[in-house]
Structures are given as structure tokens and as C-alpha cells.
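For reference, the structure discussed in these notes is given below.
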Amino acid sequence: TRDKMPPLKGDVLVHAGGDQEGTPVKVSELGEKLVRAWPQGKDEEGKPLIRKGDPNNILVLYRFPKGQIVAPTNLEATIDGETVAYSDVCTHAGCSVGDSDTGVGQMKCPCHSGQYDPKQGCKVIGGPPPRPLAQLPITLDGDNIVVKDFFLQMPYPYIHEAEWEEFK
Ligand code: FES
């Protein structure tokens, strides 16, 4: 069903928690602490539909000062080289990754202490995860942050290899 489909091109990113849950995330609300988001697409009648039917659709957004986001992040898939989106599902065993308790602007998984650097394409900087968190290309549409393309890498394998080949 559509609420379980992964983030697709044109989806608007909306807050996945807190007071603003369900409202579009604005770039001005972002910083070096993560903001979790859901992709919002449309239902069969064209009405807005948040794709939260699959818990693996949870995303994370950060905004860093210009120049701090570097390779292997795909800069063309960021907004102005400052705002970046990733899958928030740990590539080790699928937990939701949070902010690091030791390094500002870094991420740490609560399950087995996997660590990622969102300024460097969410590459693994500690612990057992086998690969980076998948980067999701985003762009601006007015004030809204929208999905520009499918994940650049295969996210935690809730998407099967065969489906991934189709999405790519
Ligand atoms: Fe994240 Fe194991 S699930 S480190």
C-alpha cells in the first residue's frame, strides 16, 4: 500500500515527532542536532499521505555550516551543500540511529553503538555497521524539502535487492 512505499521523488518531508509532527520540515528548523522526518506522498485520490506504514521509512535531516559537508557525501543531493538527508535505519540490525552523546553532529546507534558521520556521507566511524546510512537526495520546492530521487545506496534491507534494482 502507498503508506508503506519507500520515499519517492516528489515526496515532502514532514516532522516525524514532537509538537510539529506531520507538518513539513523547514530548512530554518534544522541544525547540527538531528530532526526525524517521514516522507509524505499522495493517496489514490491525490490527498496527502504520510508514508509511515513502514517504520523503516524513518529519515533524518541535518544542516551544517557551508563547507563542513564533504565527500563521500553526494553534495548535489544536498540543499546548498548544507542540508542533508539519510535513512535513519542502522545498517547493522535496523535500529533507529540517534545523535551521538559524545560528538556534536555525529550519530550513534543505541543498539550496539554503531557510529556514523553525517558530514561524511554517514560513513561508519565506529562499531559494527557494515556500511553507511543511505543518503536520500533532497531539494527545495518553495519552503518544503522534497525528495529529489531514490536513495543513493541501498538502505537497511527492508527493500529487497530485486526491488532496489527497479528503484535505482
Ligand atoms: Fe545499530 Fe547494531 S543495530 S549498531
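A short reminder: the numbers here are calculations on the coordinates, not readings from a lab. Since the model is a prediction, treat every value here as computed from it, not as a measurement. Here the Cβ positions follow ideal geometry from the backbone for every residue, glycine too, while neighbour counts run over all protein chains shown.
Listing for the model above:
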| quantity | calculated |
| --- | --- |
| Total lysine pairs under 30 Å (Cα atoms) in segment 11-75, excluding pairs fewer than 8 apart on one chain | 8 |
| Approximate spin-label separation A71-E44, in nm, with each point projected 7 Å along Cα-to-Cβ | 4.8 |
| Taking all pairs of distinct alpha-carbon atoms in segment 40-168, Kirkwood radius in angstrom | 15.2 |
| Extension gain from K26 to H112, taking 0.36 nm per residue of separation minus the Cα-Cα distance | 27.8 nm |
| The chain - percent relative contact order, Cα under 8 Å, separation 6 or more | 21 |
